[in-house]
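S.K.: Attaching a single structure in structure tokens format; questions to follow.
The values are calculated or read from the model by the stated rules, or taken from the named source; none is laboratory data. Quantities reported herein were computed from a predicted structural model and do not represent experimental measurements. Cβ: placed from backbone, ideal geometry, glycine included. Neighbour counts: every protein chain shown.
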Amino acid sequence: MTGAVDGAHVAVGRGVRVRHKLPGDAFDDFLWRRDPEIARYDAAKPLSTTFGEFLRRFENDLSTIDPRRRLFALDDEQGTHIGNIMYYNADERRLAAEFGMVIGRPDYRGRGLGREAAIAFLHHLFVTEQFQVIYLHTLEWNERARRCFEHAGFLPAARVRRRAEWFLRMEAPREGWLEWYRRERSDY
């Protein structure tokens with residue numbers, strides 16, 4: 001069931017599992033952050049540090065509790081690490097946080113797993129956290145991401161200019177999203 005958890009996962013969706021990050025995820029994360037295609041879809045430059053430098057930062061992230069951000073890993077049903085999902089820029093006054101996700105393994109893209117991961121993760125956040133809105137920014141030209149997020153219950157909210165690129169801000173307001181979830185997932 002979407003949102004249901006087992007002992008190792010914080011959220012479970014159709015074909016995808018959300019779990020806490022582990023030290024063994026570091027090398028996949030390093031490769032994905034160095035990938036020019038992934039960086040392009042994030043309007044960023046590929047990572048240029050060494051694995052040793054990246055590993056020190058990765059291990060620090062795992063050992064530091066920061067209420068403004070939480071990093072999670074995405075696995076397929078067989079336990080293969082396929083990507084990452086997170087919230088960051090959490091604002092306790094506005095009860096809002098920004099959403100981020102990457103399907104790092106190219107052979108897992110275009111299979112609906114991003115949509116399912118987003119739905120499972122949003123359900124987890126709205127059930128376990130006090131957030132009233134989760135928002136994201138996706139490049140305006142990235143139709144695949146926009147469709148994924150719309151199918152996960154995010155609504156277009158505004159155009160935003162960042163780093164010389166146009167982004168579409170999309171939002172999932174808690175009450176509206178939970179109502180959407182009940183309608184869309186009543187068969188699940």
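S.K.: Within the stretch 39-65, how many residues are outside any loop (DSSP other than H, G, I, E, B), of a type in the set (A, V, I, L, M) and at pLDDT below 95? Write out each step before concluding.
M.R.: Of the residues in the stretch 39-65, the ones outside any loop (DSSP other than H, G, I, E, B) are 39-41, 51-63.
Those still in the list that are of a type in the set (A, V, I, L, M) too: 39, 55, 62.
Retained after the next criterion (residues that are at pLDDT below 95): 39, 62.
Within the stretch 39-65, residues that are outside any loop (DSSP other than H, G, I, E, B), of a type in the set (A, V, I, L, M) and at pLDDT below 95 number 2.
S.K.: Taking the condition of being over 12 Å from Asp25 (Cβ atoms) and either in contact with a Ser or Thr (Cβ under 8 Å, 6 or more places away or on another chain) or part of a loop (DSSP other than H, G, I, E, B) (or both), how many residues in the stretch 80-97 meet it?
M.R.: The total comes to 4.
S.K.: Output the qualifying pairs, or none if there are none: Cβ atoms under 6 angstrom, residues six or more apart or on different chains, first residue in the stretch 27-42 and surrounded by 15 or more Cβ atoms within 10 Å (Cβ to Cβ), second residue at pLDDT 95 or above and among the aromatic types (Phe, Trp, Tyr).
M.R.: Phe30/Phe51; Phe30/Phe54; Ile38/Trp32
S.K.: What do you reckon, is Glu116 out of contact with any strand residue (DSSP E or B) (no Cβ under 6 Å at 6 or more places or on another chain), at pLDDT 95 or above and surrounded by 13 or more Cβ atoms within 10 Å (Cβ to Cβ)?
M.R.: Values: out of contact with any strand residue (DSSP E or B) (no Cβ under 6 Å at 6 or more places or on another chain): no; at pLDDT 95 or above: yes; surrounded by 13 or more Cβ atoms within 10 Å (Cβ to Cβ): yes.
In short, no.
S.K.: On the given criteria, is Met1 modelled with pLDDT under 95, closer than 22 Å to Arg174 by Cα and hydrophobic (A, V, I, L, M, F, W, C)? Before the answer, list the steps.
M.R.: Working: modelled with pLDDT under 95: yes; closer than 22 Å to Arg174 by Cα: yes; hydrophobic (A, V, I, L, M, F, W, C): yes.
In short, yes.
S.K.: Would you confirm whether any residue within the stretch 43-55 is within 16 Å of Leu136 (Cβ to Cβ) and surrounded by fewer than 17 Cβ atoms within 10 Å (Cβ to Cβ)?
M.R.: Initially, the stretch 43-55 is screened for residues within 16 Å of Leu136 (Cβ to Cβ), giving 43-44.
Remaining after also requiring surrounded by fewer than 17 Cβ atoms within 10 Å (Cβ to Cβ): 43-44.
Yes, some residue in the stretch 43-55 is within 16 Å of Leu136 (Cβ to Cβ) and surrounded by fewer than 17 Cβ atoms within 10 Å (Cβ to Cβ).
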